[in-house]
Amino acid sequence: QSVLRCNGYNAGMLDIGNESQAIWSVSQGHPLEYTCGDGNITRLVWHVEIIYIALAPLYALWLDPRLLLVQVALFGLGALPVHRLASRGIGNPNLVRVFVFIYLLYPTANTAVLFDFHDDALAMPLLMVALEAMNG
């Protein structure tokens, strides 16, 4: 859905446009800069989104804002540690599935994942991996 929004020119400039420009600017030696009404500004003024720097090498390989929309797949991978955590704590496989579906269908997360690009959507699967590692 998010890729279709972008392909149909229905994506908002404030998310996908600013963030793709900011990530691209890292490869140009500028720390997360993007263009706004007052000229160029760094995203570090408003947000500290260090994870964007980690995305810069991927963005250098495929210079396309739609690359950022793979966050859907990354978010979905967070269901794996949720499943393993729930399996360890709950013996009932049906309840384990309920926890996985809660993670995948949580309304706030779906909004973040499907509406342009948000670093919060990348943080959630990383948090699930960290929680699983702590309980391993």
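Of all residues in segment 78-96, those that are basic (Lys, Arg) and under 23 Å from the mean Cα position of the chain (by Cα) total 1. Could you go through segment 52-71 and let me know if any residue there is more than 30 Å from residue 34 (Cβ to Cβ) and either part of a helix (DSSP H, G or I) or touching a residue at least 24 places away in the same chain (Cβ under 8 Å) (or both). No, because not a single residue in segment 52-71 is more than 30 Å from residue 34 (Cβ to Cβ) and either part of a helix (DSSP H, G or I) or touching a residue at least 24 places away in the same chain (Cβ under 8 Å) (or both). Count, please, the residues in segment 17-46 that happen to be touching a residue at least 12 places away in the same chain (Cβ under 8 Å) and over 16 Å from residue 65 (Cα atoms). The total comes to 6. Taken together, 40, 18 contain a single residue that is assigned to a strand (DSSP E or B) and either surrounded by 12 or more Cβ atoms within 10 Å (Cβ to Cβ) or at pLDDT 80 or above (or both), which is 40.
Quick check on segment 86-104. Is at least one of its residues touching a Pro at 6+ places or on another chain (Cβ under 8 Å), free of Cβ contacts under 8 Å to residues at least 60 places away in the same chain, part of a helix (DSSP H, G or I) and of a type outside the set (S, T, N, Q)? No, every residue in segment 86-104 fails to be touching a Pro at 6+ places or on another chain (Cβ under 8 Å), free of Cβ contacts under 8 Å to residues at least 60 places away in the same chain, part of a helix (DSSP H, G or I) and of a type outside the set (S, T, N, Q). In segment 58-74, which residues are over 14 Å from the mean Cα position of the chain (by Cα) and open to solvent by 60 Å² or more (accessible area, probe 1.4 Å)? Correct list: 60, 61, 62, 63.
The values are calculated or read from the model by the stated rules, or taken from the named source; none is laboratory data. The structure displayed is predicted, hence computed values, not measured ones. No Cβ is skipped: glycine too gets one built from the backbone with ideal geometry, and neighbour counts run over all protein chains shown. Each accessible area value is taken on the protein alone, full model and side chains, heavy atoms only, with ligands, DNA and RNA left out. Shrake-Rupley method; radii C 1.70, N 1.55, O 1.52, S 1.80 Å.
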